[in-house]
Amino acid sequence: MNRLIRSSALTWALGYVLLGLAALGAFAVVLWYAWNVTIYVAREEILRDDAQRLDRDGVAGLTAYLDARVGMQIAGERTLLLTDAAHHRLAGNIAAWPRGVPDQPGTHAVLLELDGKPTRMLLVRTPLPGGYQLLVGRDLAFFVPLEIRFTWGLIAAVTFLCVVGIAGAILMRRQLLSRVEGIRQTVAAIMQGDLRRRLAVGPGGGELDTLSQTLNGMLDHIEYLIRGISNVSNSIAHDLRTPLAELRSRLEELSLNRPPAAEAFAEIDAALADVDRVMRIFSALLRLAEIDSGARRSGFVRVDAAAVAAEVVEFYEPAAEQKGVAFSFEAAGDAAVAGDPVLLAQALSNLIDNSLKSVSERGAISVRVGRRADGAVEIAVADDGPGIADADKPRAAERFFRGDRSRASPGVGLGLSIVDAVAKLHGGVLQLLDNHPGLLAQMVLPVTAAPPGH
């Protein structure tokens, strides 16, 4: 019983019932007021017309007319009375002048005692020539049966609304609990390790279906992250094992053989290179963790992607010139986006660095920044190196993934992962396409307004 009382569905449904009752009550009050005003005015007009019509025939004709009218014994007939100046009855269906009638002529709502019982009347008192007085009235209880029917109709409407509302609340609660139970079972299965379970989505496309789709998207992302963590752990263990094993082997050899100083320093330099490689791996992982957390998004400002790219290209020009690589840069139109200039520069640096490692001497690398037809800003790096095999492109941005064509080149397999993370942080995507020959890597960033104050 307590669960039923605390049910959200029941609370919402009862809230709608109370809202409906309030609307019905407001409508009934307005209708009741209009009814009473209209009926009162209509009765008053009818009585005035009767009094004026009766006044036209003179006292003799009026007396004869009233006697004939009373003789018909019409059910619900008006109260009629004609008296002389001393209030002596001349004609009508009242035996004597009633007490409580106001002295002044006009229309009056009074409580009169007729036939020994109090009766609320609407009277029109009309003075006639010669001091005669004419009373024309109607019992105000004439429309009471109609008002009672209206009241009972209102009560029936309220009852029907309450019954339908409560029944609807119970049905709504059952339906909602059914969906909640499905969500609970799915979440319980996921908590037990079944990461492939997803919430059921109905064909109706209602609010709960929209919520289920959103939660399924979140679960897909969680599964992706968990699998990524598992893959990263395996990759870290694999990639760190080699430099650490080499480092231990070098140090052990130095400790056992005690070679001459020149050879010993050469081994120390090689050991430092192994340590640097390990540190680069951890530095890249820490940067990826920072990007994935979204903490850098709070520092977004309005950035000219073309200006950022120009600075990065200028930094890499000496390296390209030393290798004999044709290095070109093109910026077309406005390329302003909301983002982090440091992360954008690092992402572009990774793309250029990958191209420099992959292209041969006398190769070519081109960097282009511009706006696409859909309004997005594109930062593209193209080269004529070996590229990435089509089978490897879907996994190229995975952490520590290295395709067959890149195994011979230096690196730890985190460069494209950082680029992909930076693109996603900015609401964009990383696209890897064929350059025929070579690779075309492009970040596509949506244009959003810079945060206020920037």
Worksheet item: When you scan the stretch 172-202, how many residues do you find that are among the acidic types (Asp, Glu) and modelled with pLDDT of 80 or more?
Response: 1
Discussion item. From the list GLY193, GLY202, GLY217, exactly one residue is part of a loop (DSSP other than H, G, I, E, B), farther than 27 Å from THR11 by Cα and out of contact with any Phe, Trp or Tyr (no Cβ under 9 Å at 6 or more places or on another chain). Which is it?
Written reply: GLY193
Worksheet item: Within the set of pairs 6+ apart or on separate chains, which have a first residue in the stretch 307-324 that is touching a residue at least 12 places away in the same chain (Cβ under 8 Å) and open to solvent by less than 90 Å² (accessible area, probe 1.4 Å), a second that is among the hydroxyl-bearing types (Ser, Thr, Tyr) and part of a helix (DSSP H, G or I), and C-beta atoms under 7 Å apart?
Response: VAL312/SER349
Item to complete: Output the number of residues of the stretch 339-363 satisfying the condition of being within 39 Å of the chain's Cα centre (by Cα), more than 16 Å from GLN442 (Cβ to Cβ) and open to solvent by less than 10 Å² (accessible area, probe 1.4 Å).
Response: 1
Worksheet item: Given the structure, is VAL110 surrounded by 12 or more Cβ atoms within 10 Å (Cβ to Cβ), of a type in the set (Val, Ile, Thr), modelled with pLDDT of 80 or more and touching a Leu at 6+ places or on another chain (Cβ under 9 Å)?
Response: no
Item to complete: Quick one: ALA382 ticks every box in (1) among the small types (Gly, Ala, Ser); (2) at pLDDT 90 or above; (3) open to solvent by 40 Å² or more (accessible area, probe 1.4 Å); (4) not in a helix (DSSP H, G or I) except a single one, so which number is it?
Response: (3)
Worksheet item: Is there any pair with a first residue in the stretch 139-160 that is modelled with pLDDT under 75 and a second that is assigned to a helix (DSSP H, G or I) whose Cβ atoms are under 6 Å apart and which are 6 or more apart or on different chains, and what are they?
Response: PHE143/ILE39
Response to the item:
Exactly one of THR83, THR79 is modelled with pLDDT under 80, of a type in the set (Ser, Thr, Tyr) and under 14 Å from GLY137 (Cβ atoms), and that one is THR79
Worksheet item: Based on what the data block shows, is LEU135 surrounded by 16 or more Cβ atoms within 10 Å (Cβ to Cβ), of a type in the set (A, V, I, L, M) and farther than 30 Å from VAL124 by Cα?
Response: no
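Here's the yes/no breakdown for (1) in a loop (DSSP other than H, G, I, E, B); (2) of a type in the set (Asp, Glu); (3) within 30 Å of LEU225 (Cα to Cα):
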position: VAL308; (1), (2), (3): no, no, no
position: VAL312; (1), (2), (3): no, no, no
position: PHE315; (1), (2), (3): no, no, no
position: ALA320; (1), (2), (3): no, no, no
position: LEU348; (1), (2), (3): no, no, yes
position: ILE352; (1), (2), (3): no, no, yes
position: LEU356; (1), (2), (3): no, no, no
position: ALA391; (1), (2), (3): yes, no, yes
Worksheet item: What number of residues within the stretch 161-174 are open to solvent by 60 Å² or more (accessible area, probe 1.4 Å) and in contact (Cβ under 8 Å) with a residue 12 or more places away in the chain?
Response: 3
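The values are calculated or read from the model by the stated rules, or taken from the named source; none is laboratory data. Note that the coordinates shown come from a computational prediction; the quantities given were computed from them, not determined experimentally. Cβ sites come from the backbone with ideal geometry, for glycine too, and all protein chains shown count toward neighbours. Ligands, DNA and RNA are excluded from the accessible area calculation, which covers all protein heavy atoms including side chains. Shrake-Rupley method; radii C 1.70, N 1.55, O 1.52, S 1.80 Å.
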